[in-house]
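This report refers to the structure that appears directly beneath it.
The values are calculated or read from the model by the stated rules, or taken from the named source; none is laboratory data. Keep in mind that this is a model prediction, so the values were computed, not measured. So basically every Cβ, Gly included, is an ideal-geometry build from the backbone, and we count neighbours across all protein chains shown. Calculation scope for accessible area: heavy atoms of the full protein, side chains included, ligands and nucleic acids excluded. Shrake-Rupley method; radii C 1.70, N 1.55, O 1.52, S 1.80 Å.
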Amino acid sequence: MSGRPEFLDRQHESGFAQLVIYFRDRVNDSGSMSFACWSRGADRAVLYSAGGTELAAVPISAPDDRDSVLAQIEEAWGTLRWVKFSTRVYG
C-alpha cells in the first residue's frame, strides 16, 4: 500500500463482518466520498458512489489476508484514507 490508512473502530477488528474503505482522492463536488465494501472472506469488493450506487467491483484473491485485500482495493481504486471495521454488512 502506498501509505498507511487510518483504521477506525478497531474494537471490532477481530470480529468484523465487513471493511468499509474510503479513499483520499474520491470526493465529489459536494465533499462526499465514494467508498468500497469488502465482506470478510468475499471474492470481490464493491465500489459505491457517495449516494450508495454501485459503481464497480474488483475480484479479490487471497480473501483471508486483510493486507492483501486492502492492497488489491488500493491498486484498483486509489490511495486508502480510512478503513472502518464494521460489524454490519452494507448492501
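Structural remarks
- Close pairs from segment 63-77: first hydroxyl-bearing (Ser, Thr, Tyr), partner open to solvent by less than 20 Å² (accessible area, probe 1.4 Å), Cβ under 7 Å, at least 6 apart: none
- Residue match in segment 10-17 (condition: part of a loop (DSSP other than H, G, I, E, B) and either open to solvent by less than 70 Å² (accessible area, probe 1.4 Å) or at pLDDT 95 or above (or both)): yes
- When the criteria are applied in full, Met1 meets the requirement of being closer than 15 Å to Ala76 by Cα, surrounded by fewer than 18 Cβ atoms within 10 Å (Cβ to Cβ), at pLDDT below 95 and touching a strand residue (DSSP E or B) at 6+ places or on another chain (Cβ under 9 Å).
- Residue pairs whose Cβ atoms lie under 9 Å apart, sitting 6 or more positions apart in sequence or on different chains, and linking a residue in segment 38-55 that is free of Cβ contacts under 8 Å to residues at least 24 places away in the same chain and within 13 Å of Ala17 (Cα to Cα) to a partner that is among the acidic types (Asp, Glu) and surrounded by fewer than 18 Cβ atoms within 10 Å (Cβ to Cβ), are Gly41/Asp64.
- Of residues in segment 63-91 being hydroxyl-bearing (Ser, Thr, Tyr) and at pLDDT 90 or above, the one surrounded by the fewest Cβ atoms within 10 Å (Cβ to Cβ): Thr87
- Residues being open to solvent by 60 Å² or more (accessible area, probe 1.4 Å) and in contact (Cβ under 8 Å) with a residue 40 or more places away in the chain - total across segment 23-37: 3
- Count of segment 44-55 residues, restricted to those that are modelled with pLDDT of 95 or more and over 18 Å from Lys84 (Cβ atoms), is 1.
- Test: Ser61 is touching a strand residue (DSSP E or B) at 6+ places or on another chain (Cβ under 9 Å) and among the hydroxyl-bearing types (Ser, Thr, Tyr): no
- Looking only at residues in segment 42-62 that are part of a loop (DSSP other than H, G, I, E, B) and open to solvent by less than 40 Å² (accessible area, probe 1.4 Å), the one that is nearest to Arg10 (Cα to Cα) is Ala42.
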